[in-house]
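Step one of this worksheet: look at the structure below.
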There are 2 protein chains.
Amino acid sequence: MSGRGMLVVVSGFSGAGKGTLMKALLDRYDNYALSISATTRAPREGEIDGREYFFVSRDRFEEMIVQDALIEYAQYVNNYYGTPKDYVFSQMEAGRDVILEIEIQGALKVKERFPQAILIFVMPPSGRELKTRLIGRGTESMEVIDARLKRAAQEAEGIEAYDYILVNDKIDQCVETMHQLIQIQHLRAGENEEFITRIREELKNL
Amino acid sequence: MSGRGMLVVVSGFSGAGKGTLMKALLDRYDNYALSISATTRAPREGEIDGREYFFVSRDRFEEMIVQDALIEYAQYVNNYYGTPKDYVFSQMEAGRDVILEIEIQGALKVKERFPQAILIFVMPPSGRELKTRLIGRGTESMEVIDARLKRAAQEAEGIEAYDYILVNDKIDQCVETMHQLIQIQHLRAGENEEFITRIREELKNL
């Protein structure tokens with residue numbers, strides 16, 4: 001009912017299929033926009049400014065921090081990563097549900113500043129299945145896979161802070177469920193204050 | 001994912017189509033149960049004990065209050081009305097989502113005691129449409145209809161306390177939306193603590 005888009009945060013273990021899920025969701029429905037992060041790290045081969053990331057200088061990033069132009073930011077390995085407000089808010093104003101694919105720390109910061117944001121954690125059906133998928137990719141050594149599983153075990157400690165758990169068993173069904181989950185949030189009372197006020201006024205004057 | 005049923009509270013203006021909506025939902029899906037209220041008022045022509053209401057004596061009702069056997073209760077026109085815990089909790093244990101069709105005051109009491117309950121307010125698309133529907137029934141005098149509209153205007157003051165607003169424009173679509181809305185809540189993190197704990201333990205031991 002409400003015309004404004006929602007702020008949706010998606011996190012999940014490496015190997016849970018987040019990337020595939022996001023791609024399928026954006027391919028299938030045109031009411032979504034994927035937030036693009038800003039970073040101070042150098043572009044890698046094939047990465048394009050404004051597609052994978054907004055590549056900015058350290059000075060520019062720190063200016064954005066000072067100007068409160070970021071929804072959240074963090075430092076990893078001497079580089080800044082953050083979510084610029086401009087793009088997210090303008091997309092939401094245009095009625096698109098904006099998806100932030102970020103890690104737990106960032107997700108919690110977003111929830112603190114924007115309690116109406118929807119936090120979704122994408123899970124594999126089981127730990128065993130996560131391992132199978134990571135091995136199945138065939139792109140990483142067992143050492144890297146073990147590190148990813150250890151990391152997943154750590155990240156799993158923060159899951160209760162999320163609003164919803166989405167199990168990615170069959171991708172097609174998972175995309176539909178995610179779409180429903182987000183669209184249903186448009187029915188929240190807090191998203192429909194104008195409608196409620198309108199009906200209230202109308203009822204008084206009938 | 002979770003095996004336990006949800007507690008769903010449905011309220012809405014007289015004439016918003018709650019009754020039709022509930023009937024269609026229960027006809028179409030068998031994972032729902034409708035809570036049956038207990039009351040001290042006398043059965044009306046055609047009402048059957050255990051179908052419309054559990055008809056009980058005033059002594060019995062007050063015993064239930066003392067025994068904390070009611071989820072919520074209230075007094076209207078010298079009669080008690082309340083929701084017995086037994087039926088609701090046993091249906092939830094059996095995996096059914098239990099729907100309580102109650103008024104705002106009762107809804108707020110339920111939310112206080114069971115914060116995980118989902119509160120849904122059913123609305124007509126407009127105040128004008130509500131009036132049209134009430135007139136269209138052809139069963140009530142304009143005096144009664146005006147009283148219902150006044151009552152709706154009063155009830156409208158409490159809508160923000162509900163979680164979701166469901167606009168009943170086309171009944172078929174509204175039933176589907178309500179079903180999705182309730183089923184999506186099974187994905188809440190709080191409803192999946194066992195699953196989260198299981199994956200967490202598994203990841204630690206992979």
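The values are calculated or read from the model by the stated rules, or taken from the named source; none is laboratory data. Note that the structure is a prediction, hence the values are computed from the model and not measured. Using ideal geometry, Cβ is built from the backbone for each residue, glycine included, and neighbour counts are taken over all protein chains shown. Side chains are part of the model used for accessible areas, which takes the heavy atoms of the whole protein and leaves out ligands, DNA and RNA. Shrake-Rupley method; radii C 1.70, N 1.55, O 1.52, S 1.80 Å.
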_Value in Å of the Kirkwood radius, where region A:155-206 supplies the Cα pairs that are averaged_ = 14.1
*Rg to Rh for region A:1-75: what is it, with Cα atoms only and Rh by Kirkwood?*
1.00
*Mind jotting down a quarter of the surface of the convex hull over the alpha carbons of region A:104-173, in square nanometres, one decimal?*
5.6
_Please report the carbon-and-sulfur percent of the accessible area for chain A; probe 1.4 Å, protein heavy atoms only, DNA, RNA and ligands left out._
48
*asked:* List, shortest first and in nm to one decimal, how far the label point of A:Asp68 (7 Å from Cα along Cα→Cβ) is from its counterparts in the other copies.
replied: 4.5
_Shielding by other protein chains, A:67-79, mean Cβ within 10 Å_ = 0
*How far is B:Phe55 from the same spot in each other copy, in nm, shortest first, if each label point sits 7 Å from Cα toward Cβ?*
8.0
*Chain pair A, B: how much accessible area is buried, both chains summed, with a 1.4 Å probe, in Å² to 100?*
3500
_Within 10 Å, at most 14 other Cβ atoms, and a DSSP state outside H, G, I, E, B define an exposed site. Report the longest part of chain A free of exposed GluC sites (Glu not before Pro)._
A:53-206
_Of the candidates A:Lys170, A:Lys111, A:Lys131, which one comes out as most mobile in a Gaussian network treatment of chain A with C-alpha springs shorter than 10 Å?_
A:Lys170
*Reach of A:Lys204 by Cα under 16 Å, taken over lysines that are not fewer than 8 positions away in the same chain*: B:Lys131, B:Lys150
_Using only the alpha-carbon atoms, how far is helix A:104-113 inclined from the longest principal axis of chain A? Give it as 0 to 90 degrees, nearest 10._
20
*May I have the extent of the alpha carbons of the protein assembly as shown along their three principal axes, as whole Å values ordered from largest to smallest?*
79, 49, 34
*Starting from a label point 7 Å past Cα on the Cβ side, list the distances from B:Phe89 to the same position in the other copies, nm, shortest first.*
4.9
*Count, for each residue of B:194-201, the Cβ atoms from other chains sitting within 10 Å of its Cβ, then give me the mean as a whole number.*
6
*Along the positive direction of the dipole of the protein assembly as shown (beta-carbon charges: Lys, Arg +1; Asp, Glu -1; about the Cα centre), which of B:Tyr29, B:Ala156, B:Val98 reaches farthest?*
B:Tyr29
*So what is the diffusion coefficient of chain B in µm² per second by Stokes-Einstein at 4 °C and 1.567 mPa s, using a Kirkwood Rh over Cα pairs?*
69
*Can you work out the accessible area per residue across the protein assembly as shown, with the rest of the protein chains kept in place, probe 1.4 Å, in square angstrom?*
50
*Write down the percent of antiparallel bridges among all DSSP beta bridges whose residues are both part of region A:1-134, to the nearest 5.*
35
*Other chains near B:177-188: what is the mean number of their Cβ atoms within 10 Å of each residue's Cβ?*
4
*Using helices alone, what [θ] at 222 nm do you get for the protein assembly as shown, with -39,500 (n - 2.57) per DSSP H run of 4 or more residues, divided over all residues and rounded to the nearest 500?*
-13500 deg cm²/dmol
_Is there a quick way to get the dipole size of chain B? I mean about its Cα centre, with the Cβ of Lys and Arg at +1 and of Asp and Glu at -1; what is the value in debye to the nearest 20?_
320
